[in-house]
Amino acid sequence: MIKKSNENNDLMINSSLYRDTAWPTKLLLSLTALICCSCSPNRDEAGDEARDLLVYCSEGSPDSFNPQLVTSGTSYDATANILYNQLVTYKPGTTEITPSLAKSWSISNDGLRYTFNLREDVPFHGSQIFTPSRTMNADDVLFSFNRQRLESHPFHGISGGRYPYFKAQSMEQLIKDIRKTGEHQVEFILTRRESPFLSILATPFASILSAEYAKQLNRLRHPEWIDNKPVGTGPFRFERYEPDAYIRYKRFDDYFSDSKRVKNLVFAITPDAAMRFARFSAGECDVMSYPLPVHLRVAQKNDLKSVQTPGLNVAYWAFNTEKPPFHDAKVRRALTMAVDREAILQTVYDRQATMAKNPIPPSSWAYNKDITKVTYSKRKALELLKEAGYENGFSIDIWAMPIQRAYNPNARKMAEMIQQDLADINIDVRIITYEWGTFLSRVSQGLHHSVLLGWNADNADPNNFFSPLLSCSSAISGNNYAKWCSSEFDQLILKARTSSEQSERTQYYLKAQEVFKQEAPWLTIAHANNSVLIQPEVAGLMVSPIGNINFEGVTLEVQVADPIDDKVSQ
Amino acid sequence: MFATLLKQLSTLAISLLGLTILTFILSLQSDTPVHQFQSDSVILQYFEYLQFLLNGDWGTSSIHKRSVLKDFLQHFPATIELILLAMILAVTTGLALGIIASTRRGGWLDNTLMTSSLVGYSMPIFWWGMLLVLLFSLTLGWTPVAGRIDFAYDIEPYTRFMLIDTLLHHNQYGFSAFLNALHHLVLPAITLSTIPMAIIARMTRSSLLAVLKSEYVRTARSKGISKQRIIWVHALRNALQPILTISGVQISIIMSGVIITEYIFAWPGIGKWLLEAVSRRDFASIQGGVLALSIIVIAFNLALDFISIYLNPRLRRPS
């Protein structure tokens, strides 16, 4: 009886609910409709003004809008060449110094005095809180450098008071004084001869900020705005920044140079490389930063355009020369022979790099062409190890950097390949990796046997490789992770740094590279290309060898979509 | 009723106490202290820490020198927008699918729905999100890949809720900006709602089936009450109790899901902000972010408890 009623009940509910519960189905349908209705509103509806827009998918948020306060390339890209100018700059796409805010300069015979004549027609950006009353002059140059140089400067302590790049280059020791010798003339007095000085002045930390704007902010009691509501002389002015989302710039129409530029420039912050490539493929951005080797390959297949420049960088495997068995140069040389770098170039870089035989890349003027490349030979490596008394092998650690950089896209993979190569000559390899900050601090302490790292130059002078990476002083506190200190090498690079004749400097550097090869503190692995991907309509974009991106002179060309139109116009 | 409320509030107090003690201990471990304390004793320092928190001083990011609380509040609207839409999607679709399945128990539709909900339930969200992007954005081109709106629309962030801000720009762009923003929300919301939707659908089905079988539904039917009224008034309201409980548990799933979803879709909310902070070792932001997220989860669960109590008279009596 009960059973029967149960069945009945079910049956009734089933049949009757068929109609009544049509609502969930309707709801689902309407949701789908909503999704589809919101499809495909496009850019054109936003109006003409917005159409001259270039979107750059960048790899991260800037730490500050003042390049003096930071060292990351991401922050430099968003500031140095967009919002600001420096006294001198690099000719786009090259490492050659050309005038920028300084129209000319002279260097005294002893190399200690640099006199710069400034342009007189350089306006600063205006904003809601600032209307510049004058063009750029010597006061602005003094303000920009003295803020970093003098602890007594009223703006020195603003935003933390740390100027990492200025410190790292020991600029406070190098610059004795900066003098205003005229309304549009400044003089830098150095404590010692420093040949790379002009290259140093072309780096982002030497950007010129407005002294008048600083005064205005002091009146408003918000001096810190100088670093997050930036005002500069650059080709674009700052409009808005939403952290982790985007940065919006507008063309600065009073810019002192009449270079072509787009009206609106947006940095779409997209840290994940795969997502960045997806956005680029879907046409959401016109330029994509730091494509992985695999993206470049896919792009090639699909006729997408890429812009590539041989980079001023190097990836290397440094042997800790303070730890046995690496105190023995023979062992180091043996290990450099035992690694198949061809395979690494193929697998890790996907051929988007050149094999390195020197610590500096071929595009540098100090490059030693005559050094012979180490040839991969396990037999020779074994012989050398036997000579050194290590024929029975040993075990070592390789520390692989945990993050991906253009110069070293996958250190972990690289370490695994070296591990296999070394297994053949009885060397047992353990691969070690830590979170990036911990990794760097432990490697600085010298806890590693050997480490896979890389370096990207921040100015084009060869000194930027030798001094920070291989000098004796950098072995104590710096980036010399081989902890290698050769007095011969150190003398050579010191002489090269302080002589003013380029031919003379070249001779010293060529010799230094020979010493380097003989001593083999590193296995130099590769110089990677700096590359970005661009949509076909982007014209005029160049990537500098240093890796900075510059949107001055970049335009969007209207593509002729329909071949019929073409015929008619002919 | 009053006693129950009191009990709930005391649980809240204890949770908050534990939470702040935990973050306080974490802050002591960091090399770069977030706050400067006056006193030497750890216990007094803890009270100072609480005072800092109450005054809105959650520390300053060591990387970009912005106030952590301000940063959090700036990123929060984007997350809320995404979570709200995902929740609406999960609850409405989940309920609908559950009801459809329960009324066709054992049929092919029920089987299909339950199998796909099982699949949806066990889907790793980062993989699912990527898959959706691959299909809808890259292959079909129906939806945008990432971001909150097309950059052709220059939207001043008044409220930082993109849907509201775009409506405030109505004079400039009409409704096209709003639709564009909605369009950008679709894929992230679907990705985020998949797991809760599957769970809610399964729960609705089983709960509704149990209720529909119960004696009082049969009694109601024998009285000749309409079927619609039985579902809406009798069955669903009672079935809702476990569904609501389950939905409450979803908030922690959604919170962890939203971090991944935001990362995938470059969605500038709390999740992306926290991940960025972790990758840059910005301890002040991590600490502040974790504390704020935990408070939100606790508060949300408390609110749900109150709703449950309101809906179910049996819970009003303290046990």
Residue among B:V217, B:S247, B:W232 farthest towards the positive dipole end of the stretch B:174-259, charges placed on Cβ: B:V217
Averaged over A:239-251, number of beta-carbon atoms from partner chains that fall within 10 Å: 5
Residue list for the stretch B:58-95, given a label point 7 angstrom along the Cα-to-Cβ vector of B:L167 and an amide N cut-off under 18 Å: B:77-89
Inter-chain shielding of A:108-118 (mean C-beta neighbours from other protein chains, 10 Å cut-off): 0
Gap separating the Cα centres of the stretch A:416-444 and the stretch A:263-279, nearest whole Å: 33 Å
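Which GluC sites (Glu not before Pro) in the stretch A:462-558 pass both tests, a DSSP loop state and at most 14 other beta-carbon atoms within 10 Å?
When the GluC sites (Glu not before Pro) of the stretch A:462-558 are filtered for loop state and at most 14 Cβ neighbours within 10 Å, A:E501, A:E537, A:E557 remain.
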Size of electric dipole in the stretch B:2-316: Cβ of Lys, Arg +1 and of Asp, Glu -1, about Cα centre, debye, nearest 20: 1820 debye
Residue among B:E215, B:E262, B:E81 with the largest mean-square fluctuation in a Gaussian network model of chain B, springs linking Cα atoms under 10 Å: B:E215
For chain A, share of DSSP beta bridges that run antiparallel, in % to the nearest 5: 75 percent
Residue range of chain A that is longest and free of chymotrypsin sites (Phe, Trp or Tyr not before Pro) which are both DSSP loop and sparsely packed (at most 16 other C-beta within 10 Å): A:1-364
Evaluated over chain A, the Cα radius of gyration and Dmax, each in Å: 28.9, 116
Candidate aspartates and glutamates - alpha carbon under 17 Å from A:K373, same-chain residues fewer than 8 apart omitted: A:D340, A:E342, A:E514, A:E519
Selection of GluC sites (Glu not before Pro), the stretch A:370-476, meeting DSSP coil and at most 13 other Cβ within 10 Å: A:E391, A:E435
Dipole of the protein assembly as shown, positive direction: furthest Cα of A:A411, A:G393, B:T204, with charges on the beta-carbon: B:T204
All-pairs alpha carbon distance profile, the stretch B:115-198, 5 Å steps from 0, percent: 3, 15, 21, 18, 15, 13, 9, 5, 2, 0
Inter-site label distance for B:L28 and B:S122 at 7 Å from Cα along Cβ, in nm: 4.5 nm
Per-residue average of Cβ from other chains inside 10 Å of B:126-134: 1
Listed residues B:W267, B:T115, B:L89: farthest to the positive end of the dipole of the stretch B:2-316 (Cβ charges): B:T115
Charged-residue dipole, Cβ positions (Lys, Arg, Asp, Glu), the protein assembly as shown about Cα centre, Debye nearest 20: 2820 debye
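For every helix of n ≥ 4 consecutive DSSP H residues, a contribution of -39,500 (n - 2.57) applies; sum these over the protein assembly as shown, divide by its total residues, and give [θ] at 222 nm rounded to the nearest 500 deg cm²/dmol.
-15000 deg cm²/dmol
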Computed over the stretch B:2-316, Cα set: Rg, Dmax in Å: 23.0, 75
Gap separating the Cα centres of the stretch B:263-319 and the stretch B:197-229, nearest whole Å: 33 Å
Counting all C-alpha pairs of the stretch B:210-255, share separated by more than 15 Å (%): 50 percent
Whole-Å distance, taken between Cα centres, linking the stretch A:102-131 and the stretch A:302-366: 39 Å
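Any read-out appearing in this document is the output of simple, stated calculations on the displayed coordinates, not a laboratory observation. Just so it is clear, the model here is predicted, and its values are computed rather than measured. Backbone-built Cβ (ideal geometry, glycine too); neighbour counts: all protein chains shown.
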